Amino acid sequence: MNKSIVLTLAAAALLPSCAYMQTNKSVEELGRRYKGTELKNTSMSLHRQGAEWYIGSPLGTYEKSYPIIHDSILFKSNNAPSYTLDVAEASTVYYPISAGTAACLQRNDGYAETYALADEIKRRNEQSLSELPKGTCIPIKASVVDSKQAATIISADDSDEVPVINQLLSGITFCAIDIPGTLVYNVAIPFIAPFVFFSEFFSGE
């Protein structure tokens, strides 16, 4: 191998990086399932029980995966793990929301994005309910828009511990794929960056 290429790869390995391959994380998640829901304007509902307000959404079982590349500079908006619906369930889960958000959802001139609603629920971090025995369903009059970012709320996972086989495969993937892939990616960043910039510029992001 050309000496200059070797030196370049070695330098890339020694430099602290904000970009790295992480296929090992998705391998670690193989077979694991998570309970939760994804807020969508066609399936969410507004409820009141006493003085408390809730958003209802269909419960489901989700698979978790990670972007192949974690890059906090070039792809800073695409680094979070994603959840894919595996099994839809017949039950509904109810999440507490603020009275202000509930008031906005009842206004004809109100506006909300599903991702912002999911973010509020996560920040409140209050216990969700599986039923509202004395609850009343209130019509949503506001314009609710599904965000580009998936509005997934995960309540709990079905497998608290990562299986040993997953840990083993994840370690092999990290050494065999992620380490060399990270070196190659960091060397290629100067060539990739202009394409990413112009792609985001013309898409208006």
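Of the trypsin sites (Lys or Arg not before Pro) in the range 25-79, which ones lie in a loop per DSSP and count no more than 10 other C-beta atoms within 10 Å?
LYS76
Could you give the Stokes-Einstein D for the range 54-192 in µm² per second, using the C-alpha Kirkwood radius, 4 °C, 1.567 mPa s?
70 µm²/s
Probe radius 1.4 Å, ligands and nucleic acids ignored: give me the carbon and sulfur share of the accessible area of the range 14-97 as a rounded percent.
Carbon-and-sulfur percentage of accessible area, whole number: 56.
Given a 1.4 angstrom probe, what's the average accessible area per residue across the range 17-113, in square angstrom?
Here the residues of the range 17-113 average 49 Å² of exposed surface.
Taking only protein heavy atoms and a 1.4 Å probe, what accessible area per residue, in Å², does the range 125-189 have with all protein chains in place?
66 Å²
By per-residue mean of other Cβ atoms within 10 Å, what is the highest-first order of 171-184, 111-124? Provide the component values of the computation, followed by the final result.
Values: 171-184: 15.5, 111-124: 17.4.
Taking the mean over residues of other Cβ atoms within 10 Å, the ranking is 111-124, 171-184.
The values are calculated or read from the model by the stated rules, or taken from the named source; none is laboratory data. All values derive from a computational prediction rather than experimental measurement. Note: ideal-geometry Cβ built from the backbone for every residue, glycine included; neighbour counts use all protein chains shown. Please note that ligands, DNA and RNA were not included when accessible areas were found on the heavy atoms of the full protein model with its side chains. Shrake-Rupley method; radii C 1.70, N 1.55, O 1.52, S 1.80 Å.
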